[in-house]
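Notes follow the structure.
Each value in this text was obtained by applying a stated rule to the coordinates, not by laboratory testing. Nothing here was measured: the structure is a model prediction, and the numbers come from that model. Positions of Cβ are generated from backbone atoms using ideal geometry, with glycine treated the same way; all protein chains shown enter the neighbour counts.
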Amino acid sequence: MTRLLIIGSLEAELGQAARIAVSRGARLRQADGVTSGIAMARGEGFDLILCDVLHDVAWLVSCLEAERIACPVVACGRNADAAAAVRAIQAGAKEFLPLPPDAELIAAMLQAAAGEADAPVHRDPAMAAVLKRAEGVARAEASVLITGESGTGKEVLARHIHRHSRRADGPFVALNCAALPEALLESELFGHEKGAFSGAVAARRGKFEQADGGTLLLDEIGEMDPRLQAKILRALQEREIDRLGGAGPVKVDVRILAATNRDLAAEVAAGRFREDLFFRLNVVALRIPALRDRPDDILPIAEHFARRYAEANGMPPRRFAPAARAALLGHAWPGNVRELENTVHRAVLLAEGDEIGAEAVELHVPALRLSSAAVPAEAHPARAVGVAALVGRRMEDVERDLILETLTHCLGNRTRAAEILGISIRTLRNKLHEYRAAGAPVPLAPGQMPVAPFPYAQLG
């Protein structure tokens, strides 16, 4: 269920938009102005904010960013007010919703804001077995550990479990534990009181409280610092959390789903993950097969994305030509479903004619990585020349180029790039921050690429 905040009067056309959203299953809250809207966003958390252009959209966006409240803002106004639409987009709004509202456009917005609302697309027996087991445990309250390579669709499966659970009418809240440094992650998880730390200008509920009565997905939990792991364990055991700077514990009713691309049992053995937390999370384990291990899913998923991005870009739906289908089936898909989505998105934009031909399906073939100790340089003259070309360059420059090239190869997926480079996601994030500060172009993940218009690319 999408959590929607509307800032503005619900009279006339904006009220019509609100009624459409509620009829499509949204959980609606309304604020008369930006100040009260920000206060609600701190306390409740929303998937989408609709703000009347009569209010200060720029100030709303800047306040949300300053307080690290990640929520897309869509400005609303009369269709004839083109200047207001331009100002709203320039102010940081994700999109402009013309009034009077279009019911199908609002439905698409809500679906995009809430994440993938459809059931996981599958045809392969391997994935069918995973979904059958997931649906079998969905109505239980037990924690579920979802594992699989990066890009296999772990959050999609988590949302599927939530929709089939007894908590389906409650919120689904997801947090990527690798996306934030430790200090900020603790605040995001448990919330804070006003003045708890520098920048805490007001009290704010964390993800545990926002997910009360529903489901909380802790994505990439294998990247979490051991100190925070202990606090997560306590929250699971006691069903209560402590806000930063809070005077006492806060009771929460949350079902935990955890996802990781790491082998947590190996992480426990290496001393990097708490054994007691591992057992708490691993009540039920679901492993999503890599896309190369479920080849019958490749074409159905590709066709699903082709329909989606054709619609998003206002283009007619087109089938894949036989040569394009063969190219898709013949690729190894090291980036899994995420790579397939990016490839199909690009193909939809590049294709000409009535079909998506093979020339539009641009596949990235990973270079063969061999240890220099395993094969002598003289056995591969081209490689020897490549190494010789590095002589005279600074180590920092070579490292930067290697990291950025690897990130480009991984289509901006930081977790996958960190795996290949053999470094932690935090180390990679810090390096990228340094490079960006120095003016180097840092590749973006597919969800960050402003290729397609609203709603899919911009709210995803």
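Provide Rg and Dmax in Å for region 19-159, with only Cα atoms included in the calculation.
Reported Rg and Dmax, both Å: 18.7, 53.
Rg (Å, one decimal) plus Dmax (Å, integer) for the alpha carbons of region 297-367?
Both quantities, over Cα of region 297-367: 11.0, 36 Å.
In terms of Cα to Cα distance under 20 Å, which aspartates and glutamates are near enough to Lys431, apart from those fewer than 8 places away along the same chain?
Excluding near neighbours in sequence, the set is Glu182, Glu220, Glu223, Asp225, Glu396, Asp397, Glu399, Asp401, Glu405, Glu419.
Label region 1-86 by shape, choosing from rounded, prolate and oblate, from the square roots a ≥ b ≥ c of the eigenvalues of the Cα gyration tensor; if a/c is under 1.5 it is rounded, and otherwise prolate applies when a/b is larger than b/c, oblate when it is not.
On the way: a/c = 1.78, a/b = 1.08, b/c = 1.65.
In terms of gyration-tensor shape, oblate.
Starting with the highest mean, order 258-270, 166-178 by the number of other Cβ atoms within 10 Å, averaged over the residues of each peptide.
Details: 258-270: 17.5, 166-178: 19.5.
By packing density, highest mean first, the sequence is 166-178, 258-270.
Per 0.36 nm of contour for each residue apart, how much would the distance between Val86 and Arg29 grow if the chain were fully extended, relative to their Cα-Cα spacing?
Working: separation 57, 0.36 × 57 = 20.52 nm, distance 2.62 nm.
Gain in length upon complete extension: 17.9 nm.
Taking the alpha-carbon distance from Lys154 and a cut-off under 18 Å, which lysines remain once sequence neighbours fewer than 8 residues away in the same chain are dropped?
Lys132
Can you compute the radius of gyration and Dmax for region 125-289, using only the Cα atoms, both in Å?
Rg and Dmax of region 125-289, Cα atoms, are 15.7, 53 Å.
At 0.36 nm per residue, minus the direct Cα-Cα distance, what do Glu396 and Ala140 gain on full extension? Give it in nm, one decimal, please. Could you put the intermediate results ahead of the total?
Values: separation 256, 0.36 × 256 = 92.16 nm, distance 5.10 nm.
Extra length available between Glu396 and Ala140 comes to 87.1 nm.
If r is the Cβ-Cβ distance from Gln237 to Asp354 and R0 is 51 Å, what FRET efficiency results, to the nearest 0.05? Kindly include the intermediate steps, with their values, before the conclusion.
Working: r = 59 Å, r/R0 = 1.17.
With a Förster radius of 51 Å, E is 0.30.
Grab the Cα-Cα distance for Ser9 and Asp293, subtract it from 0.36 nm times how many residues apart they are, and report the gain in nm with one decimal.
Details: separation 284, 0.36 × 284 = 102.24 nm, distance 5.23 nm.
Going from the current span to full extension adds 97.0 nm.
Three principal axis extents, largest first, for the C-alpha atoms of region 220-342, in Å?
62, 36, 21
Using +1 on the beta carbon of Lys and Arg, -1 on that of Asp and Glu, and nothing else charged, what's the dipole of the chain about the Cα centre, debye to 20? Can you show the working numbers first?
Details: 55 positive and 59 negative charges, 157 e Å.
So the magnitude is around 760 debye.
If you take the C-alpha gyration tensor of the chain, multiply each eigenvalue by 5 and take the square root, what semi-axes do you get, largest first, in whole Å? If you can, show how the numbers build up before the last one.
Numbers: eigenvalues 254, 172, 118 Å².
Semi-axes, largest first: 36, 29, 24 Å.
Using a Cα-Cα cut-off of under 28 Å, which lysines could be cross-linked to Lys194, ignoring same-chain neighbours fewer than 8 residues away?
Within reach: Lys207, Lys231, Lys251.
Separation of region 221-267 and region 155-199 by C-alpha centroid, Å?
Cα centroid to Cα centroid, the span is 10 Å.
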